[in-house]
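Participant: Please see the structure below; I have some questions.
Laboratory data are not the source of any read-out in this text; all were calculated from the coordinates shown. Just so you know, these numbers come straight off a predicted model, no measurement behind them. Using ideal geometry, Cβ is built from the backbone for each residue, glycine included, and neighbour counts are taken over all protein chains shown.
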Amino acid sequence: MFTIREFTDTDAPAVVAVRSAAAPHLVNSAEGLRWELRNAAPARRLRRVVAEAEDGGRTRIAGAADAGTLPGTGGAGHLTVAVDPRYGGLGIGSALLGAAEEHLAATGVTLVHTWVDDSAPAAGFAARRGYSPGRTGRFLCLDLASAPPLSPLPDRLPSGVEVRTVAEFGSDLRELWRADLECADDEPGDIEAGHLAYEPWLGLNWRRPDWRPELSTVVVADGEIASYSVAQTDGRERCWSAMTGTRRAHRGRGFAGLAKLHVLHLARGAGVTRFYTGNDASNAPMLAVNARLGYRTCRTERRHTRRLG
């Protein structure tokens, strides 16, 4: 037996455990989960529900689902469903999916986006519920504890080039915001959500408790931001490369690899043992950068969509 109910702050550690069991390639933290709901823009209509299951006389969190709108997309929304594999086959995934879709339909969403593991059982589950597959995403892992040693940092950088941490920029990140908008425009994808103004961008990203400015790096060339790489942690030993980008005028100079290499060295020094990242399968340049750094594919997913109504 199981029940579906609203998420509460005290559920956060259990939901992290569920997500880690269902999708070990993703990095989550209890602080981050709480922050997401407390700070989500009202227009996103973000909702999180959990599934409680009876297990050995105790009630445990066995699954969770998030759903919300994608403002600026003309009626698109997103959802994620995670079920602890130990509780598979009980109908929990279907119940969570139904609750998420019901919420989205009530907010006026007409097109739902979600990511689905590229395996026969997961794809079959999605197909039976009316979801159609689209573009492919690759998730990669670098084991900093047992993989071959990281490449050393360069002894010297080209004239006019330096690497800084985001923390060194203080509270004014407007130049990084402008660089991020430019790089986001060129990211492969099928959702166009428009540009965020500075304050909403700052709130969505750098005010998160799990984004680490002291581990995130920026390559400055000739006095302007040329490239950057963001580190997001679970507060323990796992780290996620939240975004890496290079401005158009500086591409082809190896700056993305330089920024990411510095992040890896900083993260290893801070006790991180596993670093994860994800790329659209069509993003050959970034996949090549990650391969040179030692990342290896650990999971493949496909974006699925469904029309509501």
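Participant: Using the alpha-carbon atoms, what tilt in degrees (0 to 90, nearest 10) does helix 12-22 show relative to the longest principal axis of the chain?
Facilitator: 90 degrees
Participant: Right, next: Relative to the longest principal axis of the chain, what angle (0 to 90°, nearest 10) does the C-alpha long axis of helix 174-185 take?
Facilitator: So the inclination is approximately 60 degrees.
Participant: Taking the Cα centre of the chain as origin, work out the dipole magnitude from +1 charges on Lys and Arg Cβ and -1 charges on Asp and Glu Cβ, in debye rounded to 20.
Facilitator: So the magnitude is around 520 debye.
Participant: Take the alpha carbon gyration tensor of segment 142-300, find the square roots of its eigenvalues, order them as a ≥ b ≥ c, and report rounded if a/c is under 1.5; if not, report prolate when a/b exceeds b/c, else oblate.
Facilitator: Numbers: a/c = 1.27, a/b = 1.20, b/c = 1.06.
Rounded, since a/c falls under 1.5.
Participant: How far, in degrees from 0 to 90, does helix 30-39 lean away from the longest principal axis of the Cα atoms of the chain, to the nearest 10?
Facilitator: 80 degrees
Participant: Separate question: Please work through the chain and write down the cysteines that have no neighbouring cysteine Cβ at a distance under 4.7 Å.
Facilitator: Among the cysteines of the chain, those whose Cβ sits 4.7 Å or more from every other are C183, C239.
Participant: Next question. Rounded, prolate or oblate: which fits segment 128-221 when a ≥ b ≥ c are the square roots of the eigenvalues of the alpha-carbon gyration tensor, with rounded for a/c under 1.5 and prolate only if a/b beats b/c?
Facilitator: Verdict is oblate for segment 128-221.
Participant: Net charge around F255, counting only other residues with Cβ within less than 14 Å of its Cβ (Lys, Arg = +1; Asp, Glu = -1)? Don't skip to the end; give the middle numbers.
Facilitator: On the way: positive: R164, R247, R248, R251, R253, K260, R292; negative: E162, E182, D222, E224.
Combined, the nearby Lys, Arg, Asp and Glu give +3.
Participant: When the label point is put 7 Å from the Cα of A167 along its Cα-to-beta-carbon vector, which residues of segment 216-234 have a backbone N closer than 17 Å?
Facilitator: 216-219, 229-234
Participant: Starting from the Cα of R38, step 7 Å along the direction of its Cβ; do the same at A291; then give the gap between the two resulting points in nm.
Facilitator: Label-label distance for R38 and A291, simple model: 4.3 nm.
Participant: Which log10 I(q)/I(0) values, to two decimals, does the chain give at q = 0.09 Å⁻¹ under the Debye formula with one point per Cα?
Facilitator: Values returned for q = 0.09 Å⁻¹ are -0.48.
Participant: With the dipole of segment 182-300 worked out from charges on the C-beta (+1 for Lys and Arg, -1 for Asp and Glu) around the Cα centre, which of A291, F255, H195 lies farthest toward the positive end?
Facilitator: Of the listed residues, the answer is A291.
Participant: Assign one of three labels to segment 1-119, namely rounded, prolate or oblate, based on the Cα gyration tensor with a ≥ b ≥ c the square roots of its eigenvalues; rounded applies when a/c is under 1.5, prolate when it is not and a/b is larger than b/c, and oblate otherwise.
Facilitator: Cα axes put segment 1-119 in the prolate bin.
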